[in-house]
Amino acid sequence: MTATTTSHLVRIAAAALAVAAFAGFSSSASAGGWAIASLDSIPAAEPGATTEVSFTILQHGITPADLHEGVGIEISGQDGASSFFPAVGDGTAGHYVSTVTFPEAAGTYEWQVQMGWFGPYELGSLDVRTTETESVGAWATIRWLVLAGAALLAGIAIADMGLSRRRHLATG
């Protein structure tokens, strides 16, 4: 081999070693950078209502994550507007409580848990509805079904009474 060829091989080897070292450092630095969040329960989301939403953040899905800033619930509307409700630790590692005020307008919103340097954890869609409207609609349906059932039973009773009377007159 010539000196020039050896020099090129040394440079290529040094570059490959540098790339490998950089890849090794960057992968170890980003290791452990994920977590999951789980709600203790899903609250009834009524327009304008305020409630406490409690949740747990687990690094790697196992270890409770003790975060000190950037933790909370974020609710976003279809218009792009969002509201952030900070959370505080409740004394149990990885467990947080946020006081959330739901949007005034009924509708479907997206919500997520903000987990500090871990970033957001999507919770999916949140339906903000009035229970009054839903229960009135349900009761109206139930009332009509009960009325229809009562009318059907009354019709059967009248028919049975007529048949019973005919039998009584025929035998008597």
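The values are calculated or read from the model by the stated rules, or taken from the named source; none is laboratory data. Note that the structure is predicted; figures quoted are calculated from it, not measured. Backbone-built Cβ (ideal geometry, glycine too); neighbour counts: all protein chains shown.
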Is it true that some residue in region 23-33 is touching a His at 6+ places or on another chain (Cβ under 9 Å) and modelled with pLDDT of 95 or more? no
Condition broken by Thr108, with the remaining ones in (1) surrounded by 13 or more Cβ atoms within 10 Å (Cβ to Cβ); (2) in contact with a Leu (Cβ under 8 Å, 6 or more places away or on another chain) satisfied: (1)
Quick one: how many residues across region 64-102 are within 21 Å of Thr130 (Cβ to Cβ) and touching a strand residue (DSSP E or B) at 6+ places or on another chain (Cβ under 6 Å)? 10
